[in-house]
Amino acid sequence: MKAVQKVRRGGFSLIELMMALVIIAILAGVAIPTFALWLPGYRLKSAAKDLYSNFQLARLTAIRKNSDCRVIFDPSVTPGRYTIWTNGPNGNWDGGSVDDVQEKTVDLSDYGSGVDYGKGAATQEVTGGTTWGGGDFITYTANTLIYGSRGTISGTLGYVYLTNDRNDAMAVGTPGLAGAVAMKRWVNGAWQE
């Protein structure tokens, strides 16, 4: 008499599948609320890092094109936006018309989580004042940062303040005429690198 061998086929039993689904549900129940708390801060930091990078882009574009490059902030829309411009072939700034070249546009609405110009919970500007750029949270004259053809600041020094729907605050600006860019975050009552 031959022995009957029982062959087990591959796969999962119903009990194994149900246990895996229970574990996934528990992990999702813990992770989703944590993710929801983390997301607004991440989006604000992302917007500030992009602004920092775009300041660097404007500086390098000014040097590369041997022409002024402007970052123009528009707080008239909510959430705000900013554009990067270079002088056109005539070499003059024509106010964004005639032959000026728009290099880039960034809408703060693309970041979500209420990212916009604002001071959030900050109680003072990076420089210690409290005017906040006349209320629009942009301290550059006429809401415009200008890099000259050598990569130095051709206009005024300043900062742009960003906030989110949790009242977090970050600032990106140019603290010196050399054109270097700084990014700071409001933490425990002070601006920190």
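The values are calculated or read from the model by the stated rules, or taken from the named source; none is laboratory data. All figures in this text were calculated on a predicted structure; none of them were measured in a lab. Here Cβ is always computed from backbone atoms with ideal geometry, including for glycine, and neighbour counts include all displayed protein chains. Side chains included, ligands, DNA and RNA excluded: accessible areas come from the protein's heavy atoms. Shrake-Rupley method; radii C 1.70, N 1.55, O 1.52, S 1.80 Å.
Count, please, the residues in the stretch 152-177 that happen to be of a type in the set (Gly, Ala, Ser) and either at pLDDT 95 or above or in a strand (DSSP E or B) (or both). Number satisfying all stated conditions: 4. Look through the stretch 96-146, keep the residues that are open to solvent by 60 Å² or more (accessible area, probe 1.4 Å) and part of a loop (DSSP other than H, G, I, E, B), and return whichever of them is farthest from Ala182 (Cα to Cα). Checked the stretch 96-146; the qualifying residue farthest from Ala182 (Cα to Cα) is Val98. The set of residues in the stretch 147-193 being over 24 Å from Asp68 (Cβ atoms), touching a helix residue (DSSP H, G or I) at 6+ places or on another chain (Cβ under 7 Å) and open to solvent by 50 Å² or more (accessible area, probe 1.4 Å) consists of Asp165, Arg166. Just one of the listed residues (Ser46, Ser53, Ser76) is assigned to a loop (DSSP other than H, G, I, E, B), polar (S, T, N, Q) and out of contact with any strand residue (DSSP E or B) (no Cβ under 8 Å at 6 or more places or on another chain), namely Ser76.
For the stretch 43-64, residues that are in contact (Cβ under 8 Å) with a residue 24 or more places away in the chain, open to solvent by 40 Å² or more (accessible area, probe 1.4 Å) and not acidic (Asp, Glu) total 9.
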